[in-house]
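Novice: Take a look at this one; I'll ask things after.
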Amino acid sequence: MAGRIRREDVDAVRERARIEEIVGEHVTLKPAGVGSMKGLCPFHDERTPSFHVRPPVGLWHCFGCSEGGDVISFVEKLHGLGFAEAVEHLAGRVGVQLRYEEGGPARPGEEPGRRQRLLEAHRHAAAYFAEQLLSPAAAPARAFLSERSFDRDAAAQFGVGFAPQGWDALLRHLRGRGFTEPELTASGLMSQGNRGLYDRFRGRLVWPIRDVTGDVVGFGARRLFEEDTGPKYLNSPETALYHKATVLYGIDLAKREIAKRKQVVVVEGYTDVMAAHLSGVPTAVATCGTAFGPDHARILRRLLGDTSVGGGVQLATGASVGGEIIFTFDGDEAGQKAALRAFGEDQRFYAQTFVAVEPGGMDPCELRQERGPDAVKALVAGRQPLFEFVIRSTIAAHNLNTAEGRVGALRASAPIVARIRDAALRPEYARMLGGWLGMEGESVLQAVAAAGRSVDADARSRDARGRQEPTVPGPQRGDGDGPGRQGMSRTRPTAPDRADPVARLERNALEAVLQHPGLVDAAAFDALPADAFSVPALRAVHEAIRAAGGVGTAVSEGDSAWVERVREEAAGPVGGLVTELAVTPLPEDRPDALEDYVRGVVGGLIDLGLTRQIADARGRLQRMDPEADGEAYQVAFAELVAVEGRRRALRVRD
Ligand SMILES: [Zn+2]
């Protein structure tokens, strides 16, 4: 068995994988000062970005949840991979051929290359299915597509394929390409029977399901033959690659448009995604064999980007929220129920949720077929806020022509308005509700307030039963709009107190040194004594910088390689602090003022150290007797003069 990946190959991967691109596939990043970008953290739930990436040093750090690291650890964390797997994943992306130490110890629980092998198996399977779609046996599959107005180009664009009938067509194909029994089992492409493995997908139309990077991670398959007693739709099972709670069909094609338009359209099936894209709605995605869940919401919100400022849409109520998530429903009762159920969930998400209902009960695929692409675009354009949709659906069950009907409608809908968690939206919707009911604003507000009291009571008793809010930092808790707002000390007890000016100077100086070593007076910084920093955690970082050879060595090594070595020299939590300091946006981010800033804070720190030395030397001299101590006094005095001279020189230069 192959061992550890060679060190120089890991370095090559880290060097070549551009962190802003790899992260950017999952998180919409926008510039945040010189050499820095930020977006919504993929590792905790937030609405204002505290996730920073600093491409020049190849590091990322989240000031909300304190996670951080390099491009490899990002891939590890995001995909739940081991180190070797993450390196392999990136190596495949950036074209580095990995070599393994012969006989070296493999990392426990990890088989080198496993993920790559599974991805390869899926690549082969997708190509095989696509090829089979052209075979005579696939006539029913082609008929299915053409009945829905999908031509050959459309099939090719989405990689649609055909899984032949029989038991072992794909099995033999993959065995012929060297895939082993354990690999085939782990791929989820095969089922296990009494007599061994057999094809999971047989006699079906097949859609490859890709992750956000475009790798095929699973398949969705539709029944085609009468005699098939299996389910209408069959998807890949959970595997190391495929997690149905997080996959979204079409995300690879839609992600750029989602980020650009700040809009995503969630449809119900594979053919709906195809129909939407072909109709000019390129932001369409669908869940695969499962309901839309909180993990899907998180993924989409990250792609939509910052939802708190800029690019927001105006609700009918005048309240501004970020990017739109539009669900299409085919207007039947099931769709309305789904929307009503959705309403009960996380409202930070649903405040930006819209519903597009086709009154005739058609899904996007049928709509395109019957009335053409413009009808699909019109469906999306006619979206309404989820809150409005839910309230109106509730009202619609009552006869508003009678006083009893109006009172009944108010009684049914007031609790819905009361349950809207965003206090700014509630009065707006109460006013709208009054309009829809044709009732006095005052009586509606009273009904909502009364309903609110019982909703609160319900919530209290639920809390009492132990149902807790998730403990992620939410916007109500000052979800950081940058570093500095998050009490670092909460997560890292050794971190310095930001209120202390000396601690702040020490911290700023290290940020500057780690981010712009080239702008630092290396000779002066590297001459600092080991005790130049008063905050223990920062002193440990300084030690790591010294152990890595000082700032001077950064010039020859390149900034990111040097910072990487500093991170290695810093053990345990100090490594995390190095990352954080290397990613923290500097207070000064105008390019022309940056050099002055860096020189200023580093110079300030050096000055501070010299001032401390001067004070010590003066104290020593005062305790001495010039007559009695003679020579020692002369030495101490000379020292004082020298240090004062150095400080003067430093100040003059600045
Ligand atoms: Zn975070």
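The values are calculated or read from the model by the stated rules, or taken from the named source; none is laboratory data. Fair warning: this is a prediction, and the values are worked out from it, not measured in the lab. Glycine gets a Cβ as well: all are built from the backbone with ideal geometry, and neighbour counts include every protein chain shown. Areas reflect the complete protein model, heavy atoms only, side chains present, ligands, DNA and RNA absent. Shrake-Rupley method; radii C 1.70, N 1.55, O 1.52, S 1.80 Å.
Novice: Of the residues 92, 109, which single one is small (Gly, Ala, Ser) and either at pLDDT 85 or above or out of contact with any Gly (no Cβ under 9 Å at 6 or more places or on another chain) (or both)?
Specialist: Answer to the check: 92.
Novice: Hey, another quick one. Hey, can you tell me all the residues within the range 350-397 that are open to solvent by less than 60 Å² (accessible area, probe 1.4 Å), more than 25 Å from residue 280 (Cα to Cα) and assigned to a loop (DSSP other than H, G, I, E, B)?
Specialist: Passing the criteria: only 351.
Novice: When both residues are 6+ apart or on different chains and their Cβ atoms are under 7 Å apart, which pairs have a first residue that lies in the range 35-58 and is farther than 26 Å from residue 16 by Cβ, and a second that is near the ligand (Cβ under 10 Å from one of its atoms) and of a type in the set (Gly, Ala, Ser)?
Specialist: Within 7 Å, the pairs are 44/64; 46/64; 48/480; 50/64; 50/480.
Novice: Across the range 404-421, what is the number of residues that are of a type outside the set (Val, Ile, Thr) and assigned to a loop (DSSP other than H, G, I, E, B)? Don't jump to the end; show me each part of the working.
Specialist: First, pick out the residues of the range 404-421 that are of a type outside the set (Val, Ile, Thr): 404-406, 408-415, 418-419, 421.
Right, trim to assigned to a loop (DSSP other than H, G, I, E, B) and you get 421.
Of the residues in that region, 1 qualify.
Novice: Can you tell me which residue is surrounded by the most Cβ atoms within 10 Å (Cβ to Cβ) among those in the range 64-80 that are within 15 Å of the ligand (Cβ to nearest atom) and assigned to a loop (DSSP other than H, G, I, E, B)?
Specialist: Step by step, filter the range 64-80, then rank; the result is 64.
Novice: Next up: Looking at the range 34-47, which of its residues are open to solvent by 10 Å² or more (accessible area, probe 1.4 Å) and more than 9 Å from the ligand (Cβ to nearest atom)?
Specialist: Residues of the range 34-47 that are open to solvent by 10 Å² or more (accessible area, probe 1.4 Å), as a first pass: 34-35, 37-38, 42-45, 47.
If the condition is that a residue be open to solvent by 10 Å² or more (accessible area, probe 1.4 Å) and more than 9 Å from the ligand (Cβ to nearest atom), then 34, 35, 37, 38, 47 are the ones that fit.
Novice: On the given criteria, is residue 255 at pLDDT below 95, closer than 22 Å to residue 30 by Cβ and open to solvent by 40 Å² or more (accessible area, probe 1.4 Å)?
Specialist: So residue 255 fails the test.
Novice: For the structure I just gave you, tell me whether residue 30 is open to solvent by 40 Å² or more (accessible area, probe 1.4 Å), within 16 Å of the ligand (Cβ to nearest atom) and closer than 30 Å to residue 596 by Cα.
Specialist: no
Novice: Can you tell which of 204, 195, 200 is modelled with pLDDT of 95 or more and open to solvent by 10 Å² or more (accessible area, probe 1.4 Å)?
Specialist: Values: 204 fails: open to solvent by 10 Å² or more (accessible area, probe 1.4 Å); 195 fails: modelled with pLDDT of 95 or more.
Selected residue: 200, the only one of 204, 195, 200 that is modelled with pLDDT of 95 or more and open to solvent by 10 Å² or more (accessible area, probe 1.4 Å).
Novice: Go through the range 252-291 and give me each residue that's basic (Lys, Arg) and closer than 19 Å to residue 23 by Cα.
Specialist: Those that are basic (Lys, Arg) and closer than 19 Å to residue 23 by Cα: 255, 256, 260, 262.
Novice: Would you mind telling me which numbered condition in (1) away from the ligand (no atom under 16 Å from the Cβ); (2) of a type in the set (D, E, K, R); (3) out of contact with any Lys or Arg (no Cβ under 9 Å at 6 or more places or on another chain) residue 8 fails?
Specialist: For residue 8, the exception is condition (3).
Novice: Restricting to the range 408-422, name every residue that is open to solvent by 60 Å² or more (accessible area, probe 1.4 Å) and over 25 Å from residue 266 (Cβ atoms).
Specialist: Within the range 408-422, 411 is the sole residue that qualifies.
Novice: Go through the range 254-304 and count every residue that is in a helix (DSSP H, G or I), among the charged types (D, E, K, R) and more than 19 Å from the chain's Cα centre (by Cα).
Specialist: Matching residues across the range 254-304 total 1.
Novice: A further question on this structure: So residue 528 fits all but one of (1) in a helix (DSSP H, G or I); (2) surrounded by 17 or more Cβ atoms within 10 Å (Cβ to Cβ); (3) among the hydrophobic types (A, V, I, L, M, F, W, C); what number is the exception?
Specialist: Result: residue 528 fails condition (1) only.
Novice: Checking the condition more than 24 Å from residue 608 (Cβ to Cβ) and out of contact with any strand residue (DSSP E or B) (no Cβ under 7 Å at 6 or more places or on another chain), which residue from 576, 550, 572 passes?
Specialist: That would be 572, the only listed residue that is more than 24 Å from residue 608 (Cβ to Cβ) and out of contact with any strand residue (DSSP E or B) (no Cβ under 7 Å at 6 or more places or on another chain).
Novice: Another question, if that's okay. Can you tell me which residue in the range 48-63 is nearest to the ligand (Cβ to nearest atom), limited to those that are within 13 Å of the chain's Cα centre (by Cα) and either assigned to a helix (DSSP H, G or I) or buried (at least 22 other Cβ atoms within 10 Å of the Cβ) (or both)?
Specialist: Top of the filtered list is 62.
Novice: Taking the range 551-571 on its own, how many of its residues are over 14 Å from residue 581 (Cβ atoms) and modelled with pLDDT of 90 or more?
Specialist: Going through the range 551-571 one residue at a time, the tally reaches 0.
Novice: Do you know which of the residues in the range 597-640 that are surrounded by fewer than 17 Cβ atoms within 10 Å (Cβ to Cβ) and of a type in the set (Ser, Thr, Tyr) is nearest to residue 527 (Cα to Cα)?
Specialist: 611
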